[in-house]
Amino acid sequence: MSTIGRATAISPDQSGNQLAGLLDQKDPGRIGDRLHAFIAELYPLCRSITGDGVRETLRVIGQHLPLKMHEIPSGTNVFDWTVPPEWNIRDAYVKDADGVRVIDFQRSNLHVVSYSQPVKARMSLNQLKEHLFTLPDHPDWIPYRTTYYRKDWGFCLSHRAYERLREGEYEVVIDASMTSGSLTYGECLLPGETEDEVLVSAHVCHPSLCNDNLSGVAVATFLGAYLLTLPRRYSYRFLFAPTTIGAIAWLAHNEHRVSRVRHGLVLSCVGDSGKITYKRSRRGNAEIDRAAAHVLTSCGVEHKVVGFSPYGYDERQFCSPGFDLPVGCFMRTPNGQFPEYHTSADNLEFLKAEQLEDSFVNVLRILQAVDRNETYVNLQPKGEPQLGKRGLYSAPGSGENLALLWVLNLSDGKHSLLDIAERSGLSCEAIYRAAQLLVRGGLLERQRAPVSAE
Ligand code: ZN
């Protein structure tokens, strides 16, 4: 297998351009439908924290983004953790005395507890039941279970199927391998004007689950493809890694350069019909936190902003005290707060194209708010400059004039555009547009050394 940090380029093709201009299209369902179709393509793959399901997932993402795959060998120590053996599965089933597959991995990859040890045995129903998991409260759903760091095996099934099992001898087979291989993650860097980076991360370790894992993967992939086509002040790093161990492995191998991460977002559960939830970084008031809160409020988006907690997705690792990166988490309904969470009901029908698109648009707005958050200087600060003679004055009382006046008043080299947007209550987009007009009118210039908002 490969050595640490070996990177393989996956077809950096031109397909990123296929999304160019999508936001300008009048057909509102279009991005959402494409996100949903992309998720449907990834849905059948049996992902876990290692193995070929992750590699295949990254290969599909690589059709949209210039992605590099990294392989971290099993047994590698990453901070307090060790990369586990690589797990791959070909087939698994439980057959009754008549030879009928009463539980069949081929029908749903959720039927096998992820990271189950290989098994080939015959046993009684009572012995088998010690390894079966169901959800009595939702008798038609299959639960999702894992046993990454404890040697065990098991099957998950609907409670109704469980109740149909009869006394007798069962044949139990899990045709899986646990070998010295590697953990795989994918990374895509889009260079910008500066080497300072914005990190966008999504986990890729859940099998056929949609809102939890694939919705974030899809929105991150399409954002990357879209940002490829735009001018960028920051460099953008997209990370697709298995949760916890993958993020920790990435941090361990990039410790020397994580200080370049100036802003970041973890994306997860972005396709359900709930309202948007933004979870602040550990810092609580980082620029990304302020931008997210202001964008969602000023754009009239129904949302909730919650404080940091050391539970959830990989913000737990990025915001661990040894790194304390300014990384928030963008979700709709958070993990564990919808009944379908970690069950077979988190499927393609559970995701809504409209909500996927709404998440895409709002994450993009937040990223643009930080990318454009520079500080400007008013070149005519003594009294208000006369806008009319420069053709900058629109109808009295229009929001456009107000944005121009706010930008002129607060552009004293000490206030960034986000500061001005917050203080005026106007959207970051309106403030940015006003600044662009004033620059073109010769009344404003970009400050050479931008003042950090933090
Ligand atoms: Zn999960």
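The values are calculated or read from the model by the stated rules, or taken from the named source; none is laboratory data. Not measured: the values here are computed from a predicted model. A quick note on method: Cβ atoms are made from the backbone with ideal geometry, for glycine too, and the neighbour counts reach across all protein chains shown. Keep in mind that these areas ignore ligands, DNA and RNA; they rest on the heavy atoms of the full protein, side chains included. Shrake-Rupley method; radii C 1.70, N 1.55, O 1.52, S 1.80 Å.
General observations
- Any hit, region 169-192, residues being more than 16 Å from the ligand (Cβ to nearest atom), on the phi > 0 side of the Ramachandran plot and more than 28 Å from the chain's Cα centre (by Cα): no
- Once region 203-241 is narrowed to residues that are open to solvent by 10 Å² or more (accessible area, probe 1.4 Å) and aromatic (Phe, Trp, Tyr), the residue that is farthest from Glu56 (Cα to Cα) is Tyr234.
- The sole residue among Leu132, Leu128 that is in contact with a Cys (Cβ under 8 Å, 6 or more places away or on another chain) and open to solvent by less than 70 Å² (accessible area, probe 1.4 Å) is Leu132.
- Scanning region 410-443 for residues that are open to solvent by 10 Å² or more (accessible area, probe 1.4 Å) and in a loop (DSSP other than H, G, I, E, B) gives Gly425, Leu426, Ser427, Gly441, Gly442.
- Against the test of being in contact with a helix residue (DSSP H, G or I) (Cβ under 6 Å, 6 or more places away or on another chain), part of a strand (DSSP E or B), modelled with pLDDT of 95 or more and hydrophobic (A, V, I, L, M, F, W, C), the options Ile89, Ile103 yield a single qualifying residue, Ile103.
- Only a single criterion out of (1) within 16 Å of the ligand (Cβ to nearest atom); (2) closer than 28 Å to Val439 by Cα is not satisfied by Ile366, namely (1).
- The listed residues are Val363, Val370, Val407, Val377, and the only one of them that is part of a strand (DSSP E or B) and on the phi < 0 side of the Ramachandran plot turns out to be Val377.
- Residue within region 242-261 that is surrounded by 24 or more Cβ atoms within 10 Å (Cβ to Cβ), more than 27 Å from Arg372 (Cβ to Cβ) and either outside the structural domain of Gln337 (by TED's automatic domain parsing) or acidic (Asp, Glu) (or both) present: no
- Scanning region 195-202 turns up no residue that is within 16 Å of the ligand (Cβ to nearest atom), open to solvent by less than 20 Å² (accessible area, probe 1.4 Å), part of a helix (DSSP H, G or I) and in contact (Cβ under 8 Å) with a residue 24 or more places away in the chain.
- Region 311-327 residues that are more than 14 Å from the ligand (Cβ to nearest atom), paired with ones that are among the acidic types (Asp, Glu) and part of a strand (DSSP E or B) (beta carbon under 6 Å, 6 or more apart): none
- Evaluation of Val94 against (1) in a loop (DSSP other than H, G, I, E, B); (2) more than 15 Å from Pro242 (Cβ to Cβ); (3) in contact (Cβ under 8 Å) with a residue 40 or more places away in the chain (one fails), failing number: (1)
- Filtering region 339-352 to residues that are more than 16 Å from the ligand (Cβ to nearest atom) and either under 18 Å from Thr277 (Cα atoms) or among the acidic types (Asp, Glu) (or both) leaves Glu349, Lys352.
- Subset of region 39-64 that is acidic (Asp, Glu) and over 20 Å from Ala353 (Cα atoms) - its residue that is surrounded by the fewest Cβ atoms within 10 Å (Cβ to Cβ): Glu56
- No other residue among Gly336, Gly284 is open to solvent by 20 Å² or more (accessible area, probe 1.4 Å), away from the ligand (no atom under 16 Å from the Cβ) and on the phi > 0 side of the Ramachandran plot apart from Gly284.
- Count of region 106-122 residues, restricted to those that are surrounded by 12 or more Cβ atoms within 10 Å (Cβ to Cβ) and assigned to a loop (DSSP other than H, G, I, E, B), is 6.
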